[in-house]
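Asks: Take this structure, written in structure tokens, and hold onto it; I'll ask about it next.
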Amino acid sequence: MSRVRADEEEYWHSSKFRAFTFDDEDDELSQLKESKRAVNSLRDIVDDDDDDDLERVSWSGEPVGSISWSIKETASGSASSLDGRDSSLQKGSSSYAALPKQASSYSLSSLFKGRNKLSSFQSLSDALTDTGVKNYAPELRRPKAEYKDYSSDWSPKDTVRRMQRGKVCSLERFRSLQDKLVLLDEAVAGHDGNVITAVLIFLKRTLRREILFRELEVRQVALCHLIHFLREIGEQKFLLDLLRFLDRTEEVALSQYREHLNIQDVEKRREFLKGCIGLPFSAEDISHIQDHYTLLERQIIIEANDRRLEMAGQSELFRKYPRKASILNMPLVTTLFYSCFYHYTEAEGMFSSPTNLKKTFKIPDKQYVLTALAARAKLRAWDDVDALLTTKNWLGYTKKKAPIGFHRVVEILQRNNAPVQVLQEYVRLVEDVETRLNLATKYKCHDVVIETYRDLKDRIQLTAYKSKVERGSAEEEKIHSILSN
């Protein structure tokens, strides 16, 4: 027995098998084969004459090392765990609970030595290759490919590729400035905005601002990504420092101007806009800033006056059409619509007068007519609509004129439920014959359809249209009169 023990110790100290490392290229199958070879090699160090020493007898009379003994011990351990007895047996034998019973006649020593007692089992390696047994082999480590996400030796190009595939990659290993710039260049070359933004966030956190700004100045794609990202997250101070470094004075002014959106108090916003007028804007932008400040001043004055009138109940228009919202911070077109709705008849000298707004902000005729027409039609003030579209020439003659086109006038009036008599007046003024017929037919302006077919001398279409008017109506008599003449 001492010789056997010495041989075993010599074997374990002189084993040629390698220890586990993450660099192994073996998969689960190769590891399983290696473990089986190690077990089979035990038969070389165990003497054939020591069978009696290895095979001890249990209380049931079965050899302790036999498979049958293992199965019985496992079954008794499982049963005792249900009854709350001998929990240690349950832990030791749980992995063998489902082994086939036909292997009960083999002793463990005979398997190690490669000898069979009753049939053709030659070794434990053969037993493990059997379908019924190999399913119960212990779970080995995962393949090396599963650990590659955590590798620290990926190149910048490989790192970018893995980031594009959604893999988790640590960028902290890129410590030198050169490695970080190569990583950024690879990200830009990959044309993936998410990867570029992720790398820029890493560089923003690990580089000084002066170095980062200097390197981004020659990398316009990455620079545009960073500027957009800073605007999205609202990191205004960092953005202004970057734009000042790049000497983009107009963009600095515009970024400061955007801050007015975060100011809720109307008086503070007005003062802020007043201060923005002195910023280095372009000539076109400075006029817009000036108009914005002037418009907000007008809105403050109009809002205060109208709120007082509404609360006092002195205006019939405010009683009949209560205001739905405040006019403060509204766009210019909304302010013009509000003025045409509530203050259409006011003199030009009043701040709330539509003509005053038109003149002050240089609103084009087309925009003014379109907005005023929508406001007056909503109030069903058809006389104001007629006056809005009537012009005089230098001889004093009047005529209808619509900068937006009479077909749009008809559509706006129809949306506001204008009567047929009003619609027909403006449908007649549509110059295109086909458009006029379509509008007249769609909105049932029968007189216009009949007169158009009469002017075209289209007897067939006029006869066909007779079936679309009511029998005995004035329109039917008009068609009969035209056809008979």
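The values are calculated or read from the model by the stated rules, or taken from the named source; none is laboratory data. Fair warning: this is a prediction, and the values are worked out from it, not measured in the lab. Cβ atoms come from the backbone with ideal geometry, glycine included; neighbour counts cover every protein chain shown. Heads up: the accessible areas ignore ligands, DNA and RNA and are worked out on the full protein's heavy atoms, side chains in. Shrake-Rupley method; radii C 1.70, N 1.55, O 1.52, S 1.80 Å.
Asks: Tell me, what is a quarter of the convex hull surface for the C-alpha atoms of segment 445-484, in nm² with one decimal? Spell out each step's value before the answer.
Replies: Working: hull surface 9.7 nm².
Average projection, Cα convex hull of segment 445-484: 2.4 nm².
Asks: Based on the Kirkwood radius over alpha-carbon pairs, what is the Stokes-Einstein translational diffusion coefficient of segment 281-367 at 37 °C with 0.692 mPa s viscosity, in µm²/s?
Replies: Values: Rh = 13.8 Å.
The Stokes-Einstein estimate is 239 µm²/s.
Asks: Counting only heavy atoms of protein chains, what accessible area per residue, in Å², does segment 379-439 have with a probe of 1.4 Å? Mind showing how you got there, number by number?
Replies: Working: 3800 Å² over 61 residues.
Per residue, segment 379-439 has an accessible area of 62 Å².
Asks: I would also like to ask the following. What does the net charge come to around Leu254 if you take all other residues with beta carbon closer than 14 Å to its beta carbon, with K and R at +1 and D and E at -1? Please list the in-between numbers first.
Replies: Numbers: positive: Arg231, Arg244, Arg248, Arg258; negative: Glu250, Glu251, Glu259, Glu284, Asp285.
My count for the surroundings of Leu254 gives -1.
Asks: Of Lys378/Lys442; Lys320/Lys366; Lys268/Lys359; Lys237/Lys274; Lys268/Lys362; Lys457/Lys478, which ones are farther than 23 Å apart at the Cα? Before the final figure, lay out the partial values.
Replies: On the way: Lys378/Lys442 21 Å; Lys320/Lys366 29 Å; Lys268/Lys359 27 Å; Lys237/Lys274 21 Å; Lys268/Lys362 27 Å; Lys457/Lys478 14 Å.
Long pairs (Cα-Cα over 23 Å): Lys320/Lys366; Lys268/Lys359; Lys268/Lys362.
Asks: State the percentage of accessible surface on segment 152-247 attributable to carbon and sulfur atoms; use a 1.4 Å probe and exclude ligands, DNA and RNA.
Replies: Working: 2700 of 5450 Å².
Carbon and sulfur atoms account for 50 percent of the accessible area of segment 152-247.
Asks: I want to check the label-to-label distance for Val420 and Glu259. Put each point 7 Å from Cα in the C-beta direction and report it in nm to one decimal.
Replies: 6.3 nm
Asks: With no solvent and one equal point scatterer per Cα, compute the Debye intensity ratio I(q)/I(0) for segment 379-439 at 0.12, 0.15, 0.17, 0.30 Å⁻¹ and report its log10, rounded to two decimals.
Replies: -0.30, -0.46, -0.58, -1.39
Asks: When only alpha-carbon atoms count, how far does segment 350-485 stretch along each of its three principal axes, as whole angstroms with the largest first?
Replies: Per principal axis, max minus min of the Cα coordinates gives 59, 33, 22 Å.
Asks: Give the average over all directions of the projected area of the C-alpha convex hull of segment 152-247, one decimal, in nm². Mind dumping the intermediate values first?
Replies: Details: hull surface 23.3 nm².
Mean shadow area of the hull around the Cα atoms is 5.8 nm².
Asks: Separate question: Let me understand segment 229-302 better: what is its radius of gyration from the alpha carbons, and its Dmax, in angstrom?
Replies: Taking only Cα atoms of segment 229-302, I get Rg and Dmax of 13.2, 43 Å.
Asks: Hey, any idea what % of segment 445-484's accessible area is carbon plus sulfur with a 1.4 Å probe? Provide the component values of the computation, followed by the final result.
Replies: Numbers: 1200 of 2590 Å².
About 46 percent, which is the carbon plus sulfur part of the accessible surface.
Asks: In segment 379-439, carbon and sulfur make up what percent of the accessible area (probe 1.4 Å)?
Replies: Details: 1770 of 3800 Å².
Roughly 47 percent, rounded to a whole number.
Asks: Another one. First select every other residue whose beta carbon is under 13 angstrom from the beta carbon of Cys340; then total the charges, Lys and Arg +1, Asp and Glu -1. Please report the intermediate quantities before stating the final value.
Replies: Details: positive: Lys358, Arg376, Lys378; negative: Glu346, Asp384.
Cβ neighbours under 13 Å give a net charge of +1.
Asks: Just report the Cα centroid separation between segment 367-438 and segment 198-263, whole Å.
Replies: After rounding, the separation between the Cα centres reads 51 Å.
Asks: Can you give me the pair-distance distribution of segment 174-315, C-alpha pairs, 5 Å bins, whole percents?
Replies: 2, 9, 15, 15, 13, 10, 9, 8, 6, 4, 3, 2, 2, 1, 0, 0
Asks: Please compute the per residue accessible area over segment 257-323 with all protein chains in place, 1.4 Å probe, rounded to a whole number of Å².
Replies: Numbers: 4160 Å² over 67 residues.
About 62 Å² of surface per residue is accessible.
Asks: While we're on this one: Find the centroid of the Cα atoms in segment 323-359 and in segment 457-474, then give the distance between the two in whole Å.
Replies: Measuring centre to centre over Cα atoms gives 47 Å.
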